[in-house]
Amino acid sequence: MTLPVRPAGHSDIAAIRVLLSAAALPTADLDTAPALRFWVAVDGQLIAGAIGLECYGTAGLLRSLAVAPSHRNRGLGAALVETLEREARADGATLLVLLTETAEPFFGRLGYRATERAQVPVEIKRSAEFASLCPASAVCMSKPLAPKIAAVSHG
C-alpha cells in the first residue's frame, strides 16, 4: 500500500530536517533556498518520506529524497518522485536535475541519466546544493520532462 503524499506545511519542516539528517542529506539551506518546496508521505502522524524541489525557470532541482528506514522497499520513494515530477511539469519545468552519492541505480530505474555538470542550466549550478552543499563526488543526473498536455474540449 502506498502512503498518501501531500505538500509539506511549515509544521512539517522540523520532521523533514530530522529525516534528511538521518539520511545524511543537506539541510543547511532548508530555510534559505529560494522557492524550495517539499512533499511528504505520511503514515498517521509520522512523516515516512520527503522530497524537495527548487524551480529555476523551466529547470528544476530534485533534492532531498529520503524515506524512513521502516518504510523502505515499498515503492514510497518512487511515489514521491512521481509526485514531484507531476508538480514540476505543472509548473512548466521541462528538465529535472539531481545530485546523488548513493541513489544512482534507483534514479536510473526512473529514467534519470548521468549528466555532465557542465550541461546543467546555470541557474541550477548557482544553487547552494550544487555550489557548496553536495560534494564533487556526487553523480549529476537529469531527466527531461514531457510538457504538460493541455486539456482538449470535445464539446
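Bear in mind that the values in this text are calculations on the coordinates, not laboratory data. Since the model is a prediction, treat every value here as computed from it, not as a measurement. Cβ atoms come from the backbone with ideal geometry, glycine included; neighbour counts cover every protein chain shown.
Summary table below
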{"read-out": "Residue in segment 78-86 that is without any contact (Cβ under 8 Å) to a residue 60 or more places away in the chain, within 21 Å of I124 (Cα to Cα) and small (G, A, S) present", "value": "no"}
{"read-out": "Contacts under 8 angstrom Cβ, first residue in segment 94-119 being touching a residue at least 40 places away in the same chain (Cβ under 8 Å), partner assigned to a loop (DSSP other than H, G, I, E, B) and surrounded by fewer than 14 Cβ atoms within 10 Å (Cβ to Cβ), 6 or more apart", "value": "T94/P147"}
{"read-out": "Residue selected from segment 42-54 under the condition over 12 Å from L19 (Cα atoms) and touching a residue at least 12 places away in the same chain (Cβ under 8 Å), by the criterion surrounded by the fewest Cβ atoms within 10 Å (Cβ to Cβ)", "value": "D43"}
{"read-out": "Leading residue by the ranking (nearest to V42 (Cα to Cα)) among those in segment 96-109 that are surrounded by fewer than 22 Cβ atoms within 10 Å (Cβ to Cβ), of a type outside the set (S, T, Y) and out of contact with any Gly (no Cβ under 7 Å at 6 or more places or on another chain)", "value": "A103"}
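The rows are residues; the columns are (1) in contact (Cβ under 8 Å) with a residue 24 or more places away in the chain; (2) over 13 Å from the mean Cα position of the chain (by Cα); (3) closer than 22 Å to E101 by Cβ.
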| position | (1), (2), (3) |
| --- | --- |
| P7 | yes, no, no |
| S21 | no, yes, yes |
| D31 | no, yes, no |
| F38 | yes, no, yes |
| G60 | yes, no, yes |
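A quick yes/no check of all residues on (1) in a loop (DSSP other than H, G, I, E, B); (2) within 24 Å of D29 (Cα to Cα):
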position	(1), (2)
L80	no, yes
L84	no, yes
A88	no, yes
L96	no, yes
G108	no, no
G111	yes, no
A118	no, yes
I124	no, yes
F130	no, yes
